[in-house]
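Readers should treat all values here as calculations from the given coordinates under stated rules, not as data from a laboratory. Keep in mind that what you see is a predicted model, and the values were worked out from it rather than measured. Here the Cβ is made from the backbone with ideal geometry for all residues, glycine too, and neighbour counts use every protein chain on show.
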There are 2 protein chains.
Amino acid sequence: MHLLVAGTVAIDDIKTPSSSRKGLMGGSAAYAAMASSFFAPTRIVGIIGKDFPAEHINTLRQREICTEGIEHSEGESFYWSGEYHDNMNERTTHEVAVNVLDAYTPALPASYQSSEIIVLANMSPTNQIDVLKQCSTPQFVVADTMDIWIQTEGKALDDLLTRIDMLVINESEAKLFTQTGNLVQAGRQLLQAGPRYVIIKTGEHGALLFGPDQDFFRVGAYPLDVVEDPTGAGDAFLGGLAGYLAQEDKPIDFSVIKRSLSPATVMASFTCEAFSVERLASIGRADIDLRLNAYAGYTQL
Amino acid sequence: MHLLVAGTVAIDDIKTPSSSRKGLMGGSAAYAAMASSFFAPTRIVGIIGKDFPAEHINTLRQREICTEGIEHSEGESFYWSGEYHDNMNERTTHEVAVNVLDAYTPALPASYQSSEIIVLANMSPTNQIDVLKQCSTPQFVVADTMDIWIQTEGKALDDLLTRIDMLVINESEAKLFTQTGNLVQAGRQLLQAGPRYVIIKTGEHGALLFGPDQDFFRVGAYPLDVVEDPTGAGDAFLGGLAGYLAQEDKPIDFSVIKRSLSPATVMASFTCEAFSVERLASIGRADIDLRLNAYAGYTQL
């Protein structure tokens with residue numbers, strides 16, 4: 001099946017305890033599309049400004065991602081700068097400039113509209129709904145969100161949740177949305193809000209999957225002894241998951257989704273091993289299969 | 001095989017957001033022995049004071065735990081009072097009184113000395129070594145520890161680590177001991193300190209197992225939507241793990257240890273469902289098997 005990824009395409013400046021890099025490709029759609037592209041033909045939707053480096057678009061194209069849906073604006077690109085501390089699990093945002101995103105209304109090229117697997121990576125829920133409305137025959141819709149949309153676009157987010165098949169959300173954001181400290185309760189409450197499936201990502205610990213009829217599954221993260229830059233790991237998780245669903249090309253039920261957590265986890269792990277999408281740009285399918293095999297040994301009896 | 005559990009036997013006062021209880025049975029050995037008793041004949045070693053309620057000893061005996069090794073002292077029992085906040089993952093210790101533990105030197109009854117599986121539940125590493133020296137034919141020795149021993153008895157702890165087969169330790173304590181924020185690095189560094197196997201417990205997230213030759217395995221925790229009192233969950237994890245190893249009655253290698261993580265996780269989950277060892281005192285083997293079966297479905301493809 002064909003896979004559409006909508007979200008942000010950004011320029012990131014990132015500082016870690018050991019290094020500092022500027023002008024990197026970032027954004028939820030960039031990470032998710034890079035990850036999904038290993039599993040299924042991928043189309044990306046987003047907006048960039050006149051300052052966006054052409055080399056980054058080339059990085060997407062080298063993974064055979066269709067970039068026809070990236071709008072080129074005269075403004076400045078969406079920009080984020082942040083810094084990771086100590087154990088890489090805490091970060092400080094130094095600056096966010098929405099720039100071209102401010103007045104953005106996503107427009108899907110005609111060739112995108114029949115995509116079957118729709119990935120609404122993190123961006124405003126209003127934009128996510130805009131994208132979804134332009135899809136003519138969606139088979140499975142998966143969305144991510146973040147704290148700022150929970151706090152500022154609650155109504156649009158509530159609407160979005162009734163339109164999607166699966167929500168993929170961070171631990172802290174699941175707790176914020178549901179106002180509970182218990183992840184199992186949070187997962188079940190999120191199901192009540194609309195989606196048939198909910199995944200709560202717990203970073204270095206892994207992820208929890210909730211489905212209808214009390215269905216539940218959980219996975220641990222792929223173990224990494226060095227984390228270079230965790231930015232985008234959650235987006236790559238989303239991309240790996242959706243890519244697997246598109247690749248399987250069969251009815252998407254709990255059993256298929258359980259299996260999608262392995263490629264999701266593995267793609268997140270690669271992302272952490274270098275800045276930006278650099279590791280995703282350097283690996284091949286054989287690297288992924290090798291890691292999937294190791295991962296099975298790490299988690300399956 | 002016969003299983004020996006040495007550690008603390010305490011009186012606990014515990015407050016949670018929803019309830020408050022006084023005079024409970026606590027202590028690392030009490031929780032670990034209650035959990036292991038479902039899998040293997042269990043002997044407990046520890047010390048109590050004259051204030052220790054007889055009913056708590058009966059609770060142990062009803063699980064057919066041999067309590068001959070519990071020393072009755074004229075002093076006051078080891079006492080802990082603590083409070084859990086909000087999401088039950090944070091707690092404040094209000095009071096600790098070591099009392100009878102202060103001058104304690106464990107003495108093993110003759111009938112205990114040939115135990116094959118030795119569980120050195122959390123207590124001072126000096127006492128843990130005392131116990132181990134009295135074991136004549138240990139087949140597998142597993143120890144837990146905590147922050148206070150890392151900070152105040154570092155030398156004895158280093159000695160202990162060269163004498164045991166497996167260390168089971170909390171996430172925060174593994175990071176404290178190794179001075180690293182990366183759990184994979186922490187696990188490998190702990191292996192360097194002596195034990196052939198290291199387990200890092202990550203609370204509601206699960207546990208990571210490290211073995212020789214880069215062997216690795218990880219499990220997620222059993223999902224609980226209500227946590228009544230998480231005290232002793234880590235001790236019950238240890239007891240469930242060691243009980244399984246004793247029950248299997250075969251050479252203990254990485255493959256057997258991987259499988260022991262399921263009963264460990266399940267016994268920890270039961271412990272969280274009531275104050276003290278109350279849930280462990282009320283379940284039967286059929287409850288455990290039911291939950292083990294559900295757990296396999298939650299984690300195995």
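Computed quantities for the displayed model
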quantity: Partner chain coverage, peptide A:86-92 - average Cβ within 10 angstrom; calculated: 2
quantity: Spin-label model distance (nm) - B:GLU90 vs A:THR137, 7 Å beyond Cα toward Cβ; calculated: 5.2
quantity: Net charge contributed by nearby residues that have their C-beta within less than 9 Å of A:GLY27 (K/R +1, D/E -1); calculated: -2
quantity: Estimated inter-spin distance, B:ASP249 and A:LYS50, nm [label 7 Å along Cα→Cβ]; calculated: 8.2
quantity: Of all DSSP beta bridges in chain B, antiparallel share, percent nearest 5; calculated: 40
quantity: Karplus 3J(HN,Hα) series, Hz, for the stretch A:18-34 with 6.51 cos²θ - 1.76 cosθ + 1.60 (x for Gly, Pro); calculated: 10, 7, 8, 9, 10, x, 7, 6, x, x, 4, 6, 4, 5, 5, 5, 4
quantity: Reciprocal mean inverse distance between Cα atoms of chain A - Kirkwood radius, Å; calculated: 18.9
quantity: Net dipole in debye of the stretch A:125-280 [+1 Lys, Arg Cβ; -1 Asp, Glu Cβ; about Cα centre; nearest 20]; calculated: 480
quantity: Built amide H within the under 5 Å cut-off of A:GLY26, gap 5+; calculated: A:ALA10, A:ILE11, A:ASP12
quantity: Over chain A, relative contact order from alpha-carbon pairs under 8 Å, at least 6 apart, %; calculated: 18
quantity: Number of partner chain Cβ atoms within 10 Å, mean per residue of B:180-191; calculated: 4
quantity: Projected label distance in nm at A:ARG61 and B:ASP213, using a 7 Å step from Cα toward the beta-carbon; calculated: 4.9
quantity: 20 Å reach of a label modelled at B:GLN151, 7 Å along Cα-to-Cβ, counting backbone N of the stretch B:67-107; calculated: B:79-85, B:89-99, B:101-102
quantity: For the stretch A:52-62, Karplus couplings with θ = phi - 60° (6.51, -1.76, 1.60), whole Hz, Gly/Pro x; calculated: 6, x, 4, 4, 5, 5, 4, 4, 5, 5, 5
quantity: GluC sites (Glu not before Pro), loop per DSSP, at most 15 other Cβ atoms within 10 Å - longest free stretch of chain A; calculated: A:75-301
quantity: Rounded to the nearest 20 debye, dipole of the stretch A:227-271 from Cβ charges on Lys, Arg, Asp, Glu; calculated: 220
quantity: Estimated vicinal HN-Hα couplings, Hz - the stretch A:190-199 in sequence order (Karplus 6.51, -1.76, 1.60; Gly, Pro = x); calculated: 5, 4, 4, 7, x, x, 6, 10, 9, 10
quantity: Cβ neighbours within 10 Å from other chains - mean over B:47-59; calculated: 0
quantity: Percent of beta bridges antiparallel (DSSP, the protein assembly as shown, rounded to nearest 5); calculated: 40
quantity: Loop trypsin sites (Lys or Arg not before Pro), the stretch A:17-57 (other Cβ atoms within 10 Å of the site Cβ: 12 or fewer; DSSP); calculated: A:LYS50
quantity: Cut-off under 5 Å, modelled amide H: who pairs with A:GLY69 long-range; calculated: A:ILE44
quantity: Amide H contacts of B:ASN182 (H built 1.01 Å from N, under 5 Å, at least 5 apart or other chain); calculated: none
quantity: Chain A - mean residue ellipticity at 222 nm from DSSP helices (-39,500 (n - 2.57) per run, n ≥ 4, rounded to 500); calculated: -11500 deg cm²/dmol
